[in-house]
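Below is one structure; the comments refer to it alone.
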Amino acid sequence: PVGFFSLGPLHLEWSKRNDEAYEHIIEEKMENGVVTIRNLSSRIIEVTNDVSLGPGGFYKIEGLRFTTGLTVGAGGRLELHRVEAGRIEVNSASTDEPVLTAVDCLFQTLSVGNGCAVLDNCTILGDAFLSVIDAKNCIFMNIIGSEISGQLSYCRIHETAPLSIEKMAPKNCTFDEPRFFNHQTELASRAVLAPNGPKSIYLGADDGGEMGYFHRGREDN
């Protein structure tokens with residue numbers, strides 16, 4: 001039972017996710033036109049290989065860890081909940097609809113084409129390549145782009161972030177440098193903020209809580 005024998009991450013090759021051996025811990029089905037893939041268990045499911053999802057589809061993924069990368073082809077849309085990934089890449093042209101929606105996620109690198117990214121309670125440890133963004137309670141270590149538009153509130157952004165002053169006015173954001181527990185600046189170390197970090201980040205979310213991936217706490221992490 002869990003609690004007596006510790007259970008480490010379950011390593012999974014993406015092509016085998018629908019095998020009978022995994023049917024009790026992971027499911028994939030179509031829900032209202034969206035391909036939904038979710039972790040049914042309390043275990044960490046770690047996808048070990050690069051994953052490419054077909055173009056033009058709408059995908060929703062919950063509770064998985066991608067050790068390398070996850071890519072969505074042209075015209076595709078992606079919704080993520082409690083996902084960790086070394087790299088997220090959405091190859092999409094500009095559209096009125098968000099091409100990426102992420103809630104409670106941890107990324108090393110994030111790349112969104114000309115589409116809009118909507119992020120809530122996320123930490124991006126490396127580079128975030130963005131054009132249009134709508135984010136709240138997020139930590140961005142480095143934003144890359146040109147005249148980025150949208151809106152940011154209660155986020156940590158770098159003072160040199162290329163935001164369009166005319167198109168964007170960050171609200172209640174901070175430029176302070178996050179301090180991670182035991183220098184956790186890689187995806188594998190989970191990026192936990194140090195208790196003695198700047199209050200503007202550690203207590204800087206919209207509800208006075210912690211910014212980023214652990215805004216909702218550390219249960220099952």
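The values are calculated or read from the model by the stated rules, or taken from the named source; none is laboratory data. Every value quoted in this text rests on a predicted model; they were computed, and no experiment measured them. Glycine also receives a Cβ, built like all others from the backbone with ideal geometry; neighbour counts cover every protein chain displayed. Please note that ligands, DNA and RNA were not included when accessible areas were found on the heavy atoms of the full protein model with its side chains. Shrake-Rupley method; radii C 1.70, N 1.55, O 1.52, S 1.80 Å.
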Next item on the list: Considering each residue of the range 178-191, count those that are farther than 19 Å from T109 by Cβ and in a loop (DSSP other than H, G, I, E, B), and give that number.
Entry: 1
Check: Looking only at the range 78-98, which residues are open to solvent by 50 Å² or more (accessible area, probe 1.4 Å) and under 14 Å from the mean Cα position of the chain (by Cα)?
Finding: R82, R87, E89
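Among the hydrophobic types (A, V, I, L, M, F, W, C), in a strand (DSSP E or B) and open to solvent by 10 Å² or more (accessible area, probe 1.4 Å): is that true of V103 in this structure?
Spelling it out, V103 is indeed among the hydrophobic types (A, V, I, L, M, F, W, C), in a strand (DSSP E or B) and open to solvent by 10 Å² or more (accessible area, probe 1.4 Å).
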Item checked: Where A21 falls short, out of the listed (1) of a type outside the set (K, R); (2) assigned to a strand (DSSP E or B); (3) over 19 Å from the mean Cα position of the chain (by Cα) -> (2)
Check: What's the number of the condition N49 fails, among (1) polar (S, T, N, Q); (2) at pLDDT 95 or above; (3) part of a strand (DSSP E or B)?
Finding: (3)
Notebook entry, point to check: Restricting attention to the range 111-156, and to residues there that are touching a residue at least 60 places away in the same chain (Cβ under 8 Å) and farther than 16 Å from E89 by Cβ, which single residue is surrounded by the most Cβ atoms within 10 Å (Cβ to Cβ)?
Noted result: T123
Item checked: Matching residues in the range 159-174 - criterion: being part of a loop (DSSP other than H, G, I, E, B) and loosely packed, with under 13 Cβ neighbours inside 10 Å -> E159, T160, P162, I165, E166, K167, A169
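Looking only at the range 175-184, filter to residues that are at pLDDT 85 or above and under 20 Å from D127 (Cα atoms); which one of those is surrounded by the most Cβ atoms within 10 Å (Cβ to Cβ)?
Only one residue tops the list, namely P178.
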